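J.: This is the structure, below, for whatever I ask next.
The values are calculated or read from the model by the stated rules, or taken from the named source; none is laboratory data. Small disclaimer: the values here were computed from a predicted structure and weren't measured. All Cβ positions, glycine included, derive from the backbone under ideal geometry; neighbour counts span all protein chains shown.
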Amino acid sequence: MEAVSRQYRVPLPALAAASLVLVTLALALIFFVAPNDADQGFSQRIFYFHVSIAFTAYACFAGGAWKALVHLWKRDPLADLESYVAVHQGLIFGTLVLVTGSIWAKISWGHWWLWSEDQLVLFLVLFLFYAAYFMLRFSVDPGPQRANLSAVYALFGVVLIPVSFLAIRIAKSFIHPIVFTRHGPNFGGWILATYCVAQAALLVLAYTLYRVELSGKRIDVRLRELSLA
Amino acid sequence: MTTAEKYVTAAYCTVFAVVLVYVLIIALKLNRLEREVQALERREAKPAEDERETISVG
């Protein structure tokens, strides 16, 4: 059991409670406190979850890459499992970025998707890259070879994160809004406060789901070991 | 309800639904793990019963 166990400082029930409180608070702020955007009106409210989910997805992919590096460095079997779960979380949040982004695009631009928009296509590339991670992982038998291949692949993918993030800033057509510039966020007051709460809520929710999934995976691995013993 | 309100509601409902489906899948997986633990416990308990049966009484 030592191979795939680790003590965490924050207990899971506390994390789940924090997620519930923060998500509820974020939704209350989004729908009852945050003002309507002067340009987009009510539809701008998608921004709070869309952007927060996008940053959470980036954080999950980056976390997965970090754990992959730890695995390659220390050959820790738990780091491989943590990397896999983080990438899985990233993919779930990536799906939500694409869905919420498409809905917002339909209201704002009149299209569900625009292939001419580099930032959309680059995020899709990042998403598909990590989707292929699972094809690679499950095409190899469990063991050190699978863990090493997955770790190297997850590390390569991290390069796409800054590319995808910067694409919004370097794109020639500025249809996609830029909310964070060199001088800070392009908004303030309740919009900024609501965004910060939504971002915290999504990060804590993602971490909670990560811990729940990881617990299940660890029990699964331990059961397989016991079954073979 | 305006069109914008409908789209915003759809976006937030999608997020909620995806998280709910994810939690449901995790719950199903935990159920499977529980069944496997029970099967393992039964397997572990069986040899002990066999041992008791092989004790010589004569």
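J.: Could you list, ordered by first residue, the pairs with Cβ atoms under 8 Å in which the first is in region A:50-75 and more than 21 Å from A:ILE103 (Cβ to Cβ) and away from chain B (no Cβ under 14 Å) and the second is of a type in the set (S, T, N, Q) and surrounded by fewer than 20 Cβ atoms within 10 Å (Cβ to Cβ), at least 6 apart or interchain?
T.: Cβ pairs passing all conditions: A:HIS71/A:ASN148; A:LEU72/A:ASN148.
J.: Let me ask something else. Does region B:40-54 include one or more residues that are surrounded by 12 or more Cβ atoms within 10 Å (Cβ to Cβ), modelled with pLDDT of 80 or more and out of contact with any helix residue (DSSP H, G or I) (no Cβ under 7 Å at 6 or more places or on another chain)?
T.: no
Let's see how each residue does on (1) assigned to a helix (DSSP H, G or I); (2) among the hydrophobic types (A, V, I, L, M, F, W, C); (3) surrounded by 16 or more Cβ atoms within 10 Å (Cβ to Cβ):
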residue: A:VAL70; (1), (2), (3): yes, yes, yes
residue: A:TYR84; (1), (2), (3): yes, no, yes
residue: A:SER116; (1), (2), (3): no, no, no
residue: A:PHE123; (1), (2), (3): yes, yes, yes
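J.: I would also like to ask the following. What's the total number of residues in region A:30-54 that are part of a strand (DSSP E or B) and closer than 17 Å to B:ALA11 by Cα?
T.: Adding up the residues that qualify gives 1.
J.: Would you check if A:TRP104 is within 13 Å of chain B (Cβ to nearest Cβ) and in contact with a Lys or Arg (Cβ under 6 Å, 6 or more places away or on another chain)? Even if it seems obvious, please write down each step before you answer.
T.: Values: within 13 Å of chain B (Cβ to nearest Cβ): yes; in contact with a Lys or Arg (Cβ under 6 Å, 6 or more places away or on another chain): no.
Here the answer is no, as A:TRP104 does not meet what is asked.
J.: Would you check if A:TRP115 is more than 21 Å from the chain's Cα centre (by Cα), without any contact (Cβ under 8 Å) to a residue 40 or more places away in the chain and under 20 Å from A:LEU166 (Cβ atoms)?
T.: Yes, satisfied.
J.: Given (1) touching an Asp or Glu at 6+ places or on another chain (Cβ under 8 Å); (2) more than 14 Å from chain B (Cβ to nearest Cβ); (3) within 22 Å of A:VAL99 (Cβ to Cβ), where does A:GLN44 come up short, assuming only one miss?
T.: (2)
J.: Can you name every residue in region A:25-41 that is at pLDDT 90 or above and away from chain B (no Cβ under 12 Å)?
T.: Once the filter is applied, which keeps residues that are at pLDDT 90 or above and away from chain B (no Cβ under 12 Å), region A:25-41 yields A:LEU25, A:ALA28, A:LEU29, A:PHE32, A:VAL33.
J.: Hey, another quick one. Just the residues that are in contact (Cβ under 8 Å) with a residue 40 or more places away in the chain and in contact with a His (Cβ under 9 Å, 6 or more places away or on another chain), please, taken from region A:92-108.
T.: Correct list: A:LEU96, A:VAL97, A:THR100, A:GLY101, A:ILE103, A:TRP104.
J.: Going by what's in this entry, would A:ALA198 be described as within 13 Å of chain B (Cβ to nearest Cβ), farther than 24 Å from B:LEU28 by Cβ, in a helix (DSSP H, G or I) and in contact (Cβ under 8 Å) with a residue 40 or more places away in the chain?
T.: Answer is yes for this residue.
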